[in-house]
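Colleague: I am attaching a structure below and will ask some questions about it afterwards.
The values are calculated or read from the model by the stated rules, or taken from the named source; none is laboratory data. Note that the structure is a prediction, hence the values are computed from the model and not measured. Using ideal geometry, Cβ is built from the backbone for each residue, glycine included, and neighbour counts are taken over all protein chains shown. These area figures cover heavy atoms from the full protein model, side chains too; ligands, DNA and RNA do not enter into them. Shrake-Rupley method; radii C 1.70, N 1.55, O 1.52, S 1.80 Å.
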Protein chains: 2
Amino acid sequence: MARQSLQAVGDATFARCERVSTELLALTYGSFVRQLMQDYEEVEDVNRQLDSTGYNIGVRLVEDLLAKSRVGPCANLKETAETIAKVGVKMYLGAGASVGNWSADEKSFGVIFEENPLAEFVELPEEWGGLWYSNVMCGVIRGGLEMVNMKVECRFVKDRLKGDDVNEIRVSLHEILMEQPPKGED
Amino acid sequence: MARQSLQAVGDATFARCERVSTELLALTYGSFVRQLMQDYEEVEDVNRQLDSTGYNIGVRLVEDLLAKSRVGPCANLKETAETIAKVGVKMYLGAGASVGNWSADEKSFGVIFEENPLAEFVELPEEWGGLWYSNVMCGVIRGGLEMVNMKVECRFVKDRLKGDDVNEIRVSLHEILMEQPPKGED
């Protein structure tokens, strides 16, 4: 699908979905992050836990995304990238995102966005400077793509909470997984 | 304000608010509850932690509610009850709720609702039968009301996750707090 039309799909699907207030999501997510900050001493462990939580969410969300947006299979990584930015981020966060900063080998790209509803009320305390507050999003992308047979690495490289001008998640394709044959009845 | 008009306020404010997908909130909240279930051995402690998290959210949300919905001060507990059900629940969860089951002394009532976006994908494992999964909502109401000088007790008495026909949160007024004079500069 062309870029323009994926944008339209994202907008239309977002308009059709059941929705709740952004504030409630932001405060609920904030409570979750705060709980992890109490549970783990190392900021790296919090980042990892957020990513792993996101993975489990992504595995669930991808079916929802495919069913509601009715986007077909992506022909190549460029189309996948645009679908994440224009359909996924829009559908779930109501925010606009774009794709850029492709690597020379065309196997990695950035999902770039300015508004981040998850971080709406947040200021990072200085001692948590190593926290990628919205790291759950990396896990969501990773989990979602794994369900469509793409093994990727995802990580934040820019975060406005850290003073960057935009937010950027880098997505790097590692492997196209073989389709698993359906499992037998028992 | 009359009942009908509070309903209209809730609907209009919900339509005006920035929103995100219900699925994302449900899965994020689910991750939070699961984390608490790992952290605490006793289900009562999880219920308490959810309530206390909700309290902190409610303290933040009430300002947002008053600013966005522009409802004025409530004249009595009946109006407060209707505002919670028709404006609060609608604005943040996009769900309809009603008020009922008033006690004889008119100091306690039920907020009754069928749809609960927080619990959308949830089945309670049997060993967690004592969990009030959406207990965060009790805390939100308690925290929000405390900011407008009402000390209440809130608890779930019915939950569709437990097989009840509806969800019901009982709210009991304990005390009208005296307005605190504004604190001095230091």
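Colleague: Mind checking which of A:P117, A:P73, A:P125 has the largest fluctuation in a GNM of chain A, springs on alpha carbons under 10 Å?
Modeller: Fluctuation is largest for A:P125.
Colleague: In whole angstrom, how far apart do the alpha carbon centroids of segment B:50-83 and segment B:109-186 sit?
Modeller: 12
Colleague: To continue, here is another question. Chain pair A, B: how much accessible area is buried, both chains summed, with a 1.4 Å probe, in Å² to 100?
Modeller: Accessible area lost upon association: around 3000 Å².
Colleague: Please report, for A:G129, the nm distances (one decimal) from its label point, 7 Å out from Cα along the beta-carbon direction, to the equivalent points in the remaining copies, shortest first.
Modeller: Distances to the matching label points in the other copies: 5.3 nm.
Colleague: Shifting gears a bit: Could you sort out which of A:K68/A:K107; B:K68/B:K151; B:K107/B:K151; B:K86/B:K162 sit more than 19 Å apart by Cα distance in this structure?
Modeller: Beyond 19 Å between Cα atoms: A:K68/A:K107; B:K68/B:K151; B:K86/B:K162.
Colleague: Expressed as a whole percentage, what fraction of the accessible surface of chain B belongs to carbon and sulfur atoms when a 1.4 Å probe is rolled over the protein heavy atoms?
Modeller: With neighbouring chains kept in place, the figure for chain B is 48 percent.
Colleague: Hey, what's segment A:3-176 come to in accessible area per residue, 1.4 Å probe, Å²?
Modeller: For segment A:3-176, the per-residue accessible area is 46 Å².
Colleague: For every helix of n ≥ 4 consecutive DSSP H residues, a contribution of -39,500 (n - 2.57) applies; sum these over chain A, divide by its total residues, and give [θ] at 222 nm rounded to the nearest 500 deg cm²/dmol.
Modeller: -14000 deg cm²/dmol
Colleague: Of the residues B:I57, B:I176, B:I112, which exhibits the maximal mean-square fluctuation in a Gaussian network model of chain B defined by a 10 Å Cα contact cut-off?
Modeller: It is B:I176.
Colleague: Considering all alpha-carbon pairs of the protein assembly as shown, what whole percent are spaced by more than 28 angstrom?
Modeller: When every Cα pair of the protein assembly as shown is considered, 49 percent fall beyond 28 Å.
Colleague: Oh, and also: For segment B:3-176, how big is the tail of P(r) above 21 Å, as a whole percent of Cα pairs? Walk me through the intermediate numbers first.
Modeller: Values: 6928 of 15051 pairs.
Of all Cα-Cα pairs in segment B:3-176, 46 percent lie more than 21 Å apart.
Colleague: While we're looking at this one, here's another question. Membrane-span-like helices in chain B: DSSP H runs reaching 24 Å or more (Cα, own axis), mean Kyte hydropathy at least -0.5?
Modeller: In chain B, the long hydrophobic H runs are B:22-39, B:43-69.
Colleague: Assume the label is 7 Å from Cα along Cα to beta carbon: what separations in nm does A:N149 have to the matching positions in the other copies?
Modeller: Output for A:N149: 6.6 nm, nearest copy listed first.
Colleague: Moving on. Can you give the Rg to Rh ratio of segment B:125-181, both from alpha-carbon atoms, with Rh computed by the Kirkwood formula?
Modeller: 1.12
Colleague: Using the 7 Å Cα-to-Cβ label point, sort the distances from A:E42 to its equivalents in the other copies shortest first and give them in nm to one decimal.
Modeller: In nanometres, ordered from closest: 3.2.
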